[in-house]
1. Looking only at residues in segment 446-471 that are open to solvent by 10 Å² or more (accessible area, probe 1.4 Å) and part of a helix (DSSP H, G or I), which one is modelled with the highest pLDDT?
2. Go through segment 55-93 and give me each residue that's in a loop (DSSP other than H, G, I, E, B), closer than 25 Å to Gly156 by Cβ and either open to solvent by 50 Å² or more (accessible area, probe 1.4 Å) or touching an Asp or Glu at 6+ places or on another chain (Cβ under 6 Å) (or both).
3. Within segment 40-54, does at least one residue satisfy the condition of being assigned to a loop (DSSP other than H, G, I, E, B) and open to solvent by less than 20 Å² (accessible area, probe 1.4 Å)?
4. Condition first: acidic (Asp, Glu), under 19 Å from Val123 (Cβ atoms), in a loop (DSSP other than H, G, I, E, B) and in contact with a strand residue (DSSP E or B) (Cβ under 7 Å, 6 or more places away or on another chain). Can you find one or more residues in segment 190-212 that meet it?
5. Tell me, please, whether a residue that is of a type in the set (Gly, Ala, Ser) and within 25 Å of Ser293 (Cβ to Cβ) can be found in segment 158-175.
6. For segment 166-187, how many residues are in a loop (DSSP other than H, G, I, E, B) and open to solvent by 10 Å² or more (accessible area, probe 1.4 Å)?
7. For residues in segment 215-240 being at pLDDT 90 or above and of a type in the set (Val, Ile, Thr), which is surrounded by the most Cβ atoms within 10 Å (Cβ to Cβ)?
8. Could you look through segment 111-161, keep only residues that are assigned to a strand (DSSP E or B) and aromatic (Phe, Trp, Tyr), and pick out the one that is least open to solvent (accessible area, probe 1.4 Å)?
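The values are calculated or read from the model by the stated rules, or taken from the named source; none is laboratory data. Quick caveat: nothing in here was measured; it's all calculated off a predicted structure. Note: ideal-geometry Cβ built from the backbone for every residue, glycine included; neighbour counts use all protein chains shown. Note: areas computed on protein heavy atoms with side chains; ligands, DNA, RNA excluded. Shrake-Rupley method; radii C 1.70, N 1.55, O 1.52, S 1.80 Å.
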Amino acid sequence: MLINSHQIRNLTISPLGLKVILQQSREVEFAYLSNLVLAADRVYGTSLFSLISERCPNLKTLKFSCFSWKTWERTASFLKKLPLEEIDMAFEDDDIDVSVFPSLSQFPCMQKFNLFTSSVDLVKHVLHNLKTIVGIRAPRTMVCTDTFQTMPVIPGLTLLHLDYTEIDDESLFIIAKCARNLNFFSVIGCTVTDKGVSQITSSCKKLEYLRMGSSDDKMTSVLSLTAISRESNSLKYINAQNINLSSQQYLSDITESCKSIRYLDLTGCSRLNDSALEVISNNCPGLEKGIFSGCNRITLNGVVFILTKCLNLTRLILSYCLNLSEVLNIENLGDEDSLSNDPSNMNQEEMSSTLKINSLPLNTENTNPAEKTETFSYKAESTNGETYKETSIDVTMTEKEISVSQLSAIAKQNKSISNLTERHCELRELDVSLCPNLTARSIVHITLFCPDLRQLNCLNCDQLETSEAKVILRQVLQNCQFLKTIG
């Protein structure tokens with residue numbers, strides 16, 4: 001780094017690490033350094049900024065965490081010497097004298113200012129006095145409606161992260177009016193309603209990232225899917241944990257409007273079932289990450305939908321789905337469902353009469369010592385330029401293991417499944433941990449649809465702790481030849 005420091009344009013380093021480098025030799029200069037991120041620790045003193053102003057003459061972007069506002073007060077004069085266009089600053093101290101912050105507007109080249117703070121006074125100050133503000137992150141603070149009263153129009157404000165604050169719908173009405181260019185908006189754990197969030201999603205036409213609902217799986221949010229306006233066609237990232245899913249028709253309308261959705265987290269949405277997953281699969285073909293943990297109405301039917309229609313999917317999280325089991329009734333995959341008939345409320349007899357249970361032909365009888373065994377060695381390989389370390393897994397198998405042809409025969413029992421397995425998604429990570437009704441047979445069936453799988457998490461799936469687990473393991477590895485981790 002010392003020899004080639006003049007060639008570095010982007011640098012992420014700890015404050016101490018950079019200080020040591022600059023102090024060791026006066027000849028070290030980052031002449032072309034444009035973007036600097038001081039990571040892993042806070043800046044406590046002023047000496048580092050003095051060195052930066054001398055040795056990084058062309059710095060345009062600076063990101064750091066400041067322990068105290070007094071540190072900023074003493075160092076602003078150093079940074080003014082630089083052609084800084086963007087500052088991303090975090091303050092740990094909530095006792096801030098806002099009188100020192102008019103200096104922020106005195107940076108001659110400043111275009112963007114991002115702030116992370118626990119000070120309500122500072123949030124209010126920058127909203128009303130700093131025209132270059134583009135992002136405010138103030139989670140778990142006492143920010144409330146009063147903070148946004150008389151807020152001016154701020155065309156450049158694109159990010160508001162206000163999780164677990166005291167804001168309400170009145171706050172959102174003001175924000176929707178004064179910050180129409182929002183790109184990122186997060187109000188997880190706030191006392192807002194569908195009416196307020198809908199005002200944001202309908203007014204902010206450039207909104208791509210929306211986070212709402214509750215992260216507490218024991219508390220259902222008062223929000224529902226109707227908080228997302230039908231006009232929100234720019235959304236790409238939706239995190240809506242523990243919300244009310246509303247009607248299937250509204251789900252269809254939203255997903256048809258938001259064709260660009262890449263990330264969808266509906267953790268804890270109790271009414272999310274296979275029919276809802278069918279709607280998502282049909283309307284969101286570009287989905288890359290789907291998180292549906294704790295959705296107890298999902299069965300293998302819904303999983304098949306996602307895996308066969310969302311071909312760009314790389315990560316699927318289905319942990320804590322209590323009824324994810326060996327249920328597969330292709331004839332009913334396209335049926336309209338009013339998001340009711342919750343299997344979690346049915347007994348086994350009722351569930352069997354509602355859904356068709358297919359038992360995969362797997363022989364798990366005890367073997368005698370005379371039967372031959374073999375050791376299977378699995379090596380993880382790489383595709384698409386990705387490199388993986390070689391991994392060996394030794395498994396003792398019997399000749400009575402389930403074969404690929406047997407599984408293929410199962411798929412061919414229904415022509416629609418046979419057609420679906422001819423193509424597959426790009427799934428790399430699958431999490432089905434803590435799904436007590438998930439069987440080893442179901443794991444094998446799922447992996448038929450994701451041969452590029454690298455990581456499989458099936459921790460604490462009770463029915464996998466059986467004598468057939470080793471047999472299943474080999475079949476899974478045959479289905480997913482690049483699988484690297486099974487946990």
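1. Val471
2. Those that are in a loop (DSSP other than H, G, I, E, B), closer than 25 Å to Gly156 by Cβ and either open to solvent by 50 Å² or more (accessible area, probe 1.4 Å) or touching an Asp or Glu at 6+ places or on another chain (Cβ under 6 Å) (or both): Asn58, Lys60, Lys80, Lys81, Glu85.
3. Within segment 40-54, not a single residue is assigned to a loop (DSSP other than H, G, I, E, B) and open to solvent by less than 20 Å² (accessible area, probe 1.4 Å).
4. no
5. no
6. Number satisfying all stated conditions: 5.
7. The extreme case among them is Ile228.
8. Residue satisfying both the conditions and the ranking: Phe113.
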